[in-house]
Each structure stands twice: as C-alpha cells, then as structure tokens.
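Just so you know, all these numbers are worked out from the coordinates, no wet-lab data involved. What you see is a predicted model; the values in this text were computed from it and never measured. Glycine gets a Cβ as well: all are built from the backbone with ideal geometry, and neighbour counts include every protein chain shown.
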Amino acid sequence: MFVFRKKRNFLAIILAICFLFLFVGCSGFVFDRAPEPTMVCLEKNADVIDSPMQRANASVVSIVSIGYVRSMAGFGTIVQVSSGLLINSEGYVLSLSDAYSLSAMDESGKTYQTNATTVFAVFSQQFQTRQHFRLDLVDCDQSAGLALFHFYDRFYYYEDSAKTEQVHGIEDYVIFSTKSVQTGNDCFAFGNSLGNILNDFYVPSQMQYFDITASKGVIANDRADPKYFPEKFVEEQSFSSFLVTSSVNYDMNGGGLFDENGYLIGLLASKLVSDNASGDQNSMNYTYYNRLAQVYRGSHAMAYIDFVSKKMQITIPYTIGNLSTEAEFADE
C-alpha cells in the first residue's frame, strides 16, 4: 500500500533546512559521522510456543518504504507498506523490488516514480521489541522483481531461559523447501496485516501496531499462464510464478508462502482483484483469476540471492531443508 501526499513549496524548503541541520555539521558544513549500529536483544514473548508455523511467522517482517517526488504542485511523499523475509541470522531481508522502487498516482491520475530514501522493518508481534529498524539496500533488480536489504543494527538473543547464553544474530529465518509446487497442496501465507487500516501508519510511533498475519489456502495453479503473468529473470534464467487461494492483502506482498512443515515455497508477489468477468480470449479471464494471489517460486528467490552474492562478492547464506535433513548453503 502507498500514500501520496502533496506539500507546499515553502514547507518543502523548511523540511530541507531541517534535514540540512540534522545531517550536516554546523561548523564548516562538515558531515557528521553516522551513528554506530546498536546491539538489540530480540527476545520473544513468554507465551510463544515453538512450532513450524510460529517460526514461519517470526521469519517475516513488515516493511515501510518512504520516498519523495516533486510535481507541479510541490513536493510529495510516497509511503509504501509491504512485507519481507529474514533469510539468515546475519540480518539479510528479501522482498519485492517494489519495496525500493516506489510508484504512486495523484488525484489527477498522474503516476510518479522514485526510489525509497528510507526503509524500515518491524519484527513480528512474537517479539518484545516493537519498534522499527533501519534497512539498507543491498541490491534491487527489476528483471527479477526482487530486492535485498540488510539491517543497519545488530541483534542477539538468549539461547536459554536463564539468559546466560547470548548468541549474536537472529534466531528465526526462513528455510527454503526444495519440493516441487503441486496444484491442490495446502499452503500458508504470512505477511503484514495492519498497514492498510492505519490512518497515519507511516508515523514511526504507529509502526509498533504492525502485525504478521497468516492465511491458509491451496495452490490453485502450479504454473501461472505467462501470457498474463510474465516470467521473471535472474541473469538469463527465467522463472514462472504460481497462483494460490490464500486470502491476502496488498501489504502482504513480499511476505512468505509456506508449506505445512513451515518451509518457504515462495514469495507473495501480487493480489488479483477485479469485478471484470470478461470472457474475451485476448484478455485475462477474471472469472477464474479473481481474488487469487500470485507467488514467486522459492527457486527464483534462491537464484537471486546467489546472483547478488556473486555480483557483490560477498557470502549470503541461506538454509535449504526437507523432512529428513536441513543443510546450510552458502555461495562461495
């Protein structure tokens, strides 16, 4: 979801001055050093029961992306709420490219596009830490339809209830399934659920009310028709998407689709809603597609992570699992 708000030019100038004094030193206009990353304890609530579905919930975050555009009427703000996935203990977050490449339409119907200048993430309600944390962009690829971020701050958790064993990193993150997606299989969608009903959800103090919700469904079509759902590309490798019946909202895009064992099988990519029941063979048949959700495959996501790892010449680990074994994989 996004919000487009116009501001008068004089207000934009005042804001620019505020940002100037905030980020630029007053003495000789020397840039101040950025604050050091803080160490944050990710402690779960006492009533959280360990289970595959609870771990899936904890591996999904809410994302708030903010960008600025200028129009004839002045400056405008684009605020978009979506979801993302924790892919390892090191704080990498995978989401859609829309979490960084923002677009919005004003009252006249004109579309504005910009890149996010600020991106925040909020952890699941399972955690006692109910605040937003800064995300830094690692990569954004429109051809792949995906973006990768990394937390600016650092995290730790306690391995024992007595809080004597401190472990650096994030405890819960997605485990990728290698099983083939099959029509008719059960699935569970996880993503942000409250962004579209909060009036001022973009205000930092309101982000604490974000929750991760779950919706059960079935795989309606294990290969979406590329005529209506174009394939995505990682380098020269193409990936089709699939469709599910899970009830989702737009703010869940970028969230995860999990199987009954809590393994990730895809990323929620778009919500299909239309009252058009056109039977025109040259257009999408909304009688069938109406209210389904499009999902990017897990293999698509893993190929993208490998691609970014190779391009950036860094190791970005992720975990592949099945019913009998779980293996840590990292692109060397």
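General remarks:
- Each peptide in 238-247, 295-304 receives the mean, over its residues, of other Cβ atoms within 10 Å, and ordering these scores from highest gives 295-304, 238-247.
- Per-residue Cβ neighbour counts within 10 Å put 89, 124 in the sequence 89, 124, beginning with the fewest.
- Amide hydrogen neighbours beyond the local backbone of residue 191, cut-off 5 Å, H modeled: 213
- Residue 235-residue 160 FRET efficiency (beta carbon distance; Förster radius 56 Å; 0.05 resolution): 0.80
- Net +/- balance of residues flanking residue 57 in space, Cβ distance below 12 Å, scoring K and R +1, D and E -1: -1
- In this structure, residue 118 and residue 185 have a Cβ-Cβ separation that, at R0 = 45 Å, corresponds to a calculated FRET efficiency of about 0.70.
- A simple charge model with +1 on the Cβ of Lys and Arg, -1 on the Cβ of Asp and Glu and nothing else charged puts the dipole of segment 62-147 at about 240 debye relative to its Cα centre.
- Coupling constants for segment 302-315 follow from the phi torsions by the Karplus curve (6.51 cos²θ - 1.76 cosθ + 1.60, θ = phi - 60°), and in residue order they are 5, 4, 5, 4, 4, 4, 5, 4, 5, 5, 8, 6, 9, 8 Hz; glycine and proline get x.
- Each residue of segment 228-244 is assigned a 3J(HN,Hα), and the resulting list reads 9, 10, x, 5, 9, 10, 10, 6, 9, 8, 9, 9, 7, 10, 9, 10, 10 Hz, derived from the Karplus form 6.51 cos²θ - 1.76 cosθ + 1.60 (θ = phi - 60°), x at Gly and Pro.
- Amide H contacts of residue 169 (H built 1.01 Å from N, under 5 Å, at least 5 apart or other chain): 155, 156, 157
- Long-range HN-HN contacts of residue 221 with modeled amide H, under 5 Å: 243
- Per-residue Cβ neighbour counts within 10 Å put 272, 137 in the sequence 137, 272, beginning with the fewest.
- Residue-by-residue Karplus 3J(HN,Hα) for segment 169-180, coefficients 6.51, -1.76, 1.60, Hz, glycine and proline x: x, 10, 6, 10, 8, 5, 10, 6, 8, 9, 6, 6
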